[in-house]
Structures are given as C-alpha cells and as structure tokens.
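One structure is given here, and the rest of the page talks about it.
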Amino acid sequence: MTGWDGLDRFMATDPRDVGCEQAMQILHVYVELALDDSALVADRYPGVAAHLAACGPCGEDFHG
C-alpha cells in the first residue's frame, strides 16, 4: 500500500458521506424508515445513504 492508495480512496469518497459516528447515531431511525420506503429514506438522509454504501462495516450493521 502506498500513500496514493489512501489518496485515491479519499478522492472517491462521496462528499455527502456523514462518516461512521453520525451514521451510527441515526442508524436505528434510518432502518425503521427504510422498512417503510427505502427510496424515501435515501432521499431524506443522503449523507447516511452515501456512508452506508461506502463503508463496509456500517453497511453490514444496516443490513443486519
């Protein structure tokens, strides 16, 4: 792994991504809303949707 790998990951990060801490704080609400309408919840919380798509561990928590 080189410094370029980290830079490539950073450059590919969706600017709406809220990060692990904020996503985990609202995950329980996001899951409840996703059960009703997954398209609506992604539109309502785009930063959380972007994070869950990009972060494997948080995405696993969501799907679990």
- Can you work out which of the residues in segment 21-34 that are among the hydrophobic types (A, V, I, L, M, F, W, C) and more than 10 Å from Asp61 (Cβ to Cβ) is least open to solvent (accessible area, probe 1.4 Å)? Ala34
- Here are Arg44, Arg9: which of them is basic (Lys, Arg), open to solvent by 90 Å² or more (accessible area, probe 1.4 Å), out of contact with any strand residue (DSSP E or B) (no Cβ under 9 Å at 6 or more places or on another chain) and at pLDDT below 90? Arg9
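The values are calculated or read from the model by the stated rules, or taken from the named source; none is laboratory data. As the structure is a prediction and not an experimental result, all values here were calculated from the model. Don't worry about glycine lacking a Cβ; one is built from the backbone with ideal geometry, like all the others, and counts go over all protein chains shown. Only protein heavy atoms, including side chains, enter the accessible area calculation; ligands, DNA and RNA are left aside. Shrake-Rupley method; radii C 1.70, N 1.55, O 1.52, S 1.80 Å.
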